[in-house]
Amino acid sequence: MNLMRLKLRYGLLLLGVLAFFPGCGTSPSAPANPDKARDALRASLDAWQNGEKPHTLKERKPAIHVVDYEWTDGQRLLHYQIGTDELIGNQLRCRVQLTVQNKLGRVVRQPAAYSVGTDPILTVHRDDF
């Protein structure tokens, strides 16, 4: 599992770096719309809490692309509380207090951070490192 987290973190880092380099004729993305970003984060966390899988949010209108290692690993979200947020680059970084039940049944209350983008697509990725 540690190898999976490491790969995920390096993948997200690479995506973040590539986001700063405009492609052939493409324009850079606009800063996240805070209201849309908070709505996308809430929708994602509600889906996790309701037992949905992260990939199901891609089927919504508008689609939300979610990356969360604990959710993907099958841990259960029991409760969340969204805290403060700030615009960092083009992403809205949101702090969240999670109460998660792991596969062994242990309940853990922990802080988390998510980076949320709204342009050109809705993206929500766990970013606590």
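The values are calculated or read from the model by the stated rules, or taken from the named source; none is laboratory data. These figures come from a predicted structure and were not determined experimentally. Neighbour counts are summed over all protein chains in view; Cβ atoms, including those assigned to glycine, are modelled from backbone coordinates with ideal geometry.
For region 93-129, what are the residues that are basic (K, R) and modelled with pLDDT of 95 or more? Explain how you work it out, then say what you get.
Here is the first cut: in region 93-129, the ones basic (K, R) are 93, 95, 103, 106, 109, 126.
Residues satisfying the conditions are R93, R95, R106, R109, R126.
A37 - would you say it is within 14 Å of the chain's Cα centre (by Cα) and either of a type in the set (G, A, S) or not in a strand (DSSP E or B) (or both)?
Yes.
Output the residue which, of all residues in region 40-51 that are outside any loop (DSSP other than H, G, I, E, B) and over 9 Å from V116 (Cα atoms), is farthest from the chain's Cα centre (by Cα). Give the steps one after another, and end with the answer.
Taking region 40-51 first, the residues outside any loop (DSSP other than H, G, I, E, B) are 40-49.
Narrowing the set further to residues that are over 9 Å from V116 (Cα atoms) leaves 42-49.
On the way: R42: 10, A43: 11, S44: 8, L45: 9, D46: 13, A47: 12, W48: 11, Q49: 14 Å.
Per the criteria, the residue is Q49.
With respect to V17, determine if the residue is in a strand (DSSP E or B) and either aliphatic (A, V, I, L, M) or at pLDDT below 95 (or both).
no
Scan region 65-107 residue by residue and report those that are under 15 Å from Q49 (Cβ atoms) and aliphatic (A, V, I, L, M).
V66, L77, L78, I82, V96, L98, V100, V107 - these are the residues of region 65-107 that are under 15 Å from Q49 (Cβ atoms) and aliphatic (A, V, I, L, M).
Give the residues of region 36-75 that are exposed (fewer than 13 other Cβ atoms within 10 Å of the Cβ) and among the β-branched types (V, I, T), sorted by residue number.
Across region 36-75, the qualifying residue is only T56.
For region 54-66, which residues satisfy the criterion of being closer than 25 Å to G105 by Cβ and touching a Lys or Arg at 6+ places or on another chain (Cβ under 9 Å)?
V66
I need the full set of residues from region 99-126 which are without any contact (Cβ under 8 Å) to a residue 24 or more places away in the chain and within 21 Å of A37 (Cα to Cα), in order please.
Taking region 99-126 and keeping what is without any contact (Cβ under 8 Å) to a residue 24 or more places away in the chain, we get 99, 104-106, 108-113.
Selection gives P111, A112, A113.
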